[in-house]
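Below is one structure, written out as structure tokens, with a few remarks after it.
The values are calculated or read from the model by the stated rules, or taken from the named source; none is laboratory data. All values reported here derive from a predicted model rather than from experimental measurement. No Cβ is skipped: glycine too gets one built from the backbone with ideal geometry, and neighbour counts run over all protein chains shown. These area figures cover heavy atoms from the full protein model, side chains too; ligands, DNA and RNA do not enter into them. Shrake-Rupley method; radii C 1.70, N 1.55, O 1.52, S 1.80 Å.
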Amino acid sequence: MKAIWNNTVIAESEDTVLVDGNHYFPEDSLKREFTTFSNHKTSCSWKGQASYYSLLVKGELNADAVWFYPDPKPEAQSVKGRVAFWKGVTVQ
């Protein structure tokens with residue numbers, strides 16, 4: 001699987017976990033040169049608190065496009081150490 005934004009592969013792995021229709025990639029498959037800080041947080045009733053990264057590719061910013069659960073609830077341990085994408089990031 002590949003996660004692509006702004007015609008650039010930002011993550012690639014054959015080891016994704018599908019949860020709620022989203023592919024969660026291993027955190028180490030994320031190309032860190034394309035990520036930047038985000039202080040955005042959200043909460044999921046069964047997964048816990050999500051943290052975010054923004055993407056910066058070819059001078060364009062996609063705020064809060066990557067999310068992850070640093071300390072997921074017990075029932076969501078399958079997403080621990082993984083990242084997922086939205087906001088125009090294509091996963092194929």
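For the chain: lysine pairs with Cα atoms under 14 Å, gap of 8 or more or different chains, count?
Count of close lysine pairs: 4.
What figure in square angstrom, to the nearest 10, would you give for the accessible area of Asp20 with a 1.4 Å probe?
100
Where the accessible area of the chain is counted over protein heavy atoms with a 1.4 Å probe, how much of it, in %, is carbon and sulfur?
Ligands and nucleic acids excluded, carbon and sulfur give 49 percent.
Length gain on complete extension for the stretch Leu18 to Lys58, per 0.36 nm per residue less the alpha carbon to alpha carbon distance?
Separation in residues times 0.36 nm, less the Cα-Cα distance, equals 11.5 nm.
Determine which residues of region 33-67 fall in the zone a paramagnetic label at Val9 would reach in this model, i.e. backbone nitrogen under 15 Å from the point 7 Å along Cα→Cβ.
33-34
Towards the positive end of the charge dipole of the chain, with charges on Cβ (+1 Lys, Arg; -1 Asp, Glu), say which of Thr90, Asn39, Ile4 has the farthest Cα.
My answer, from the dipole projection, is Asn39.
With a ≥ b ≥ c the root eigenvalues of the C-alpha gyration tensor of region 46-92, is it rounded (a/c under 1.5), prolate (a/b larger than b/c) or oblate?
In terms of gyration-tensor shape, prolate.
I need the fraction of alpha carbon pairs in region 1-89 separated by more than 18 Å, rounded to a whole percent.
38
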